[in-house]
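Heads up, the thing below is written out as structure tokens.
The values are calculated or read from the model by the stated rules, or taken from the named source; none is laboratory data. On a predicted model such as this, the values are computed, not experimentally measured, just so you know. Positions of Cβ are backbone-derived with ideal geometry, glycine not excepted, and every protein chain shown enters the neighbour counts. What goes into the accessible areas is simple: the full protein's heavy atoms, side chains included, and nothing from ligands, DNA or RNA. Shrake-Rupley method; radii C 1.70, N 1.55, O 1.52, S 1.80 Å.
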Amino acid sequence: MPQRRVAVTGVGIVCALGQNQAEVFEALRQGRPGIGPLTGIPPGQLRFGKGAQVQDFPPRGALSAKDLDYLDRFAQFVAVAAREALGDSGLELTADLRRRTAIVLGSSIGGEASHEAAFVDLYKLERGRLHPFTIPRVMPNAGVSRVSMEYGITGPAWTVSTACSSSNHAIGQAFWLVRHGLAEAALAGGSEAPFSLGMLKGWEALRVVSDDTCRPFSADRRGMILGEGGAVLVLEPLEAALARGARIHAEVAGFGMSSDAHHITQPSVEGPAAAMQAALEDAGVAAEAVGYINAHGTGTRLNDPTECAAIRMVFGDHAARLAVSSTKSMHGHALGAAGALEAAITVMALERGLLPPTANFTRPDPECDLDVIPNEPRPAQPEYALSNSFAFGGLNAVLALRRRS
Amino acid sequence: MAQELTDKIIRIVAETQRIPPEQVTLDATFRELGLDSLDAMNIVFAIESEFNINVPDEEVKNITTVRSIAERLGDWLAQNRGDEAAGGPD
């Protein structure tokens with residue numbers, strides 16, 4: 001089957017750093033984290049008090065009052081991000097194109113907050129009946145279905161749920177559909193809204209959430225900070241995008257997956273390394289062509305040195321010449337949306353020639369001895385970048401992105 | 001039927017569906033108001049919650065207007081009182 005090059009022609013993003021490309025990139029440029037005291041959670045119930053939450057969402061008028069009834073926050077994120085991405089792409093969704101456009105989005109937990117609210121009604125408040133929108137709000141495919149209905153897109157559409165790799169798996173599958181001619185366009189990405197008390201207590205119990213801030217690769221890192229949001233990329237065959245005079249933000253060049261077969265929460269070195277290697281091979285590119293990696297970089301004791309070792313395993317001597325940063329230090333760990341946020345950010349970084357930093361960095365850790373772009377962004381124009389996502393349960397997904405040429 | 005009850009039903013339909021109450025007449029069908037079957041479930045849920053009653057599944061399909069609710073409300077309320085007297089659910 002002939003392979004087509006795949007362009008990113010539209011980007012939409014909502015996260016703690018902002019609610020569109022311009023706002024998010026400005027925060028990245030300043031190395032300004034969106035981490036703050038948790039809001040909307042009863043105080044005194046958690047060992048940690050910080051999160052990277054999206055403030056003042058949804059913006060007034062972005063969604064109708066009825067939309068807000070039907071849509072959990074996770075689906076609202078994707079509705080708003082998809083609108084920015086499609087507007088940005090300038091893609092005209094003709095009747096024919098709507099039939100041949102795919103939607104693939106990631107979410108780890110779907111409408112968890114709606115689920116929790118319903119169960120509070122049932123078990124705590126002892127109400128005998130639940131709201132009839134409970135199931136439509138909770139189902140993890142609600143975001144995909146919303147986008148499909150809003151734009152009349154009738155091509156293949158589904159949700160991917162692989163914990164913290166969900167969105168990278170989603171973007172990778174959408175990329176392959178477009179590359180191999182199974183779709184003429186795709187909306188790909190994902191969203192997550194994990195700020196409900198029950199979900200936060202679950203994370204607390206794993207003892208991986210920092211009680212101050214997120215300092216990936218830093219010797220004094222104390223864990224992750226949870227985040228939320230959504231991002232959507234518009235993917236098209238490069239030739240078609242050029243033919244219609246579209247602005248090409250970047251290309252998706254390759255996608256690699258692997259599974260650790262190792263442990264339900266502990267990462268391995270070999271699994272992530274295999275996924276990075278697979279992404280390079282899928283892109284048909286030498287390791288030396290990669291100049292930047294947007295790391296999974298959660299800021300936990302275990303993830304960061306393991307990921308650094310995996311990068312060294314794949315890149316060998318070139319690892320010392322690579323720039324690696326974790327933008328989770330600013331937008332938090334948005335779980336199933338992480339890959340989407342980070343792919344969107346990597347696309348923006350390649351396009352603008354400015355690599356986002358690892359914020360909150362204080363001092364190097366000998367176990368994480370890579371160039372992690374501490375605190376200040378760096379002008380650079382690498383041809384290729386990777387965006388890493390590694391999930392609990394050892395499911396790894398890596399995207400290879402290419403600067404527009 | 002009591003004006004007070006129909007006014008209350010009209011208010012619930014208008015509020016849950018976010019449509020002006022003057023559009024919600026006794027005999028305007030939900031379909032005419034642009035509402036679908038899931039919207040009707042939402043209205044039934046709000047009516048059940050407001051009056052603390054249980055609308056049986058087999059009756060939901062007949063709920064298409066404010067009048068169709070008002071005409072059955074008395075029976076549902078009586079049924080609920082019977083349940084309470086018998087120590088049944090709700």
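Each peptide in A:154-166, B:14-26, A:383-395 gets a packing score, the mean of other Cβ atoms within 10 Å over its residues, and the list from highest to lowest is A:383-395, A:154-166, B:14-26.
Summed over both chains, the accessible area lost when B and A associate is about 1000 Å², using a 1.4 Å probe. With a simple spin-label model that places each label point 7 Å from the Cα along the Cα-to-Cβ direction, the separation between B:Asp57 and B:Glu15 comes to 2.9 nm. Can you pull the Rg over Rh of region A:7-243, Cα-only, Kirkwood? Rg/Rh for region A:7-243 comes to 0.99. Helices in chain A, meaning DSSP H runs of at least 4 residues, each add -39500 (n - 2.57). Divided by all residues, the mean residue ellipticity at 222 nm is -10000 deg cm²/dmol. Please report, in debye to the nearest 20, how large the charge dipole of region A:7-243 is about its Cα centre when each Lys and Arg carries +1 at its beta carbon and each Asp and Glu carries -1 there. The calculation lands at about 480 debye.
The mean number of partner chain beta-carbon atoms within 10 angstrom of a residue's beta-carbon across peptide A:58-70 is 1.
Hull volume per residue, based on the alpha-carbon atoms of region A:1-148 and their convex hull, is 185 Å³. For chain B, a crude dipole built from +1 on the beta carbon of Lys and Arg and -1 on the beta carbon of Asp and Glu, taken about the Cα centre, is about 160 debye to the nearest 20. Mind checking which of A:Gly316, A:His262, A:Ala279 is farthest towards the positive end of the protein assembly as shown's charge dipole, using Cβ charges of +1 (Lys, Arg) and -1 (Asp, Glu) about the Cα centre? About the Cα centre, the residue reaching furthest to the positive side is A:Gly316. Compared with the alpha-carbon gap, the fully stretched path from A:Met313 to A:Thr154 is longer by 53.0 nm at 0.36 nm per residue. Length, then width, then depth: along the principal axes, the Cα atoms of region A:254-403 run 38, 36, 31 Å. Per the Cα gyration tensor, the protein assembly as shown maps to an equivalent ellipsoid with semi-axes of 46, 26, 18 Å, ordered largest to smallest. Shown for chain A: lysine pairs separated by 8 or more places, or found on different chains, whose C-alpha atoms are under 21 Å apart, numbering 4.
What does the charge add up to near A:Ser114, with Lys and Arg as +1, Asp and Glu as -1, over the other residues with Cβ less than 12 Å from its Cβ? Result for the local shell: -3. Peptide A:131-143 shows a mean partner chain C-beta count of 2 within 10 Å per residue C-beta. Using only side-chain charges placed at the Cβ, +1 for Lys and Arg and -1 for Asp and Glu, the dipole size of the protein assembly as shown relative to its Cα centre rounds to 1140 debye. With K and R counted +1 and D and E -1, the other residues having a Cβ less than 12 Å from that of A:Ala241 yield a net charge of +1.
Spatially, region A:258-287 and region A:219-243 are offset by 19 Å when compared through their Cα centroids.
Just how far, in whole angstrom, is region A:135-188 from region A:1-76 if you go by their alpha carbon centroids? Their Cα centres are 18 Å away from one another. For chain B, a Gaussian network of Cα nodes joined below 10 Å ranks B:Val13, B:Val44, B:Val60 by mean-square fluctuation, and the top entry is B:Val60.
Considering only A:Pro37, A:Gly230, A:Val104, and ranking their Cα positions along the charge dipole of region A:7-243 that arises from unit charges at the beta-carbon of Lys, Arg, Asp and Glu, the one farthest toward the positive end is A:Pro37. Modelled this way, with points 7 Å down the Cα-to-C-beta line, the labels at B:Leu38 and A:Gln45 are 2.8 nm from one another. All other residues whose Cβ lies under 12 angstrom from that of B:Asp75 are scored, Lys and Arg at +1 and Asp and Glu at -1, for a net of 0.
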